[in-house]
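Nothing in this text is a laboratory measurement; each read-out follows from the coordinates by a stated rule. Just so it is clear, the model here is predicted, and its values are computed rather than measured. We place every Cβ from the backbone using ideal geometry, glycine too, and count neighbours over all the protein chains shown.
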Amino acid sequence: MPDASTPRLPWLLVAASLVLAALLGYTLFALYVPAKHRIAGLERELREVYAREADLDTRLAARERRLQAVSAERETLTRRLGQLERELAAARARR
């Protein structure tokens, strides 16, 4: 008759626990760590893209200011040309 005072260890439960612990370890170290590194790389790339976008925005604003300056200068020159043409026509009419 088996001794009732010593409980038997359920080996199937122990084996299942070890398999579960192994799967958990694999999940944490084999899948989680590379995913975390990939996320860090993507965040770094995103910061670089944002920095490039800010640089392009700055360059675009500078070009727009230059374009406004050139357009204003062209408008001024157009008005001056019209004024000079009228003066020339008036001078030719007096002759």
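Residue-wise test of (1) hydrophobic (A, V, I, L, M, F, W, C); (2) loosely packed, with under 10 Cβ neighbours inside 10 Å.
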{"position": "Leu9", "(1), (2)": "yes, yes"}
{"position": "Leu20", "(1), (2)": "yes, no"}
{"position": "Gly25", "(1), (2)": "no, no"}
{"position": "Ala40", "(1), (2)": "yes, no"}
{"position": "Ala51", "(1), (2)": "yes, no"}
{"position": "Asp57", "(1), (2)": "no, no"}
{"position": "Leu60", "(1), (2)": "yes, no"}
{"position": "Ala72", "(1), (2)": "yes, no"}
{"position": "Leu81", "(1), (2)": "yes, no"}
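If you check Pro34, Pro7, which single one turns out to be assigned to a helix (DSSP H, G or I) and either touching a Cys at 6+ places or on another chain (Cβ under 9 Å) or at negative phi (or both)? Unique residue meeting the criteria: Pro34.
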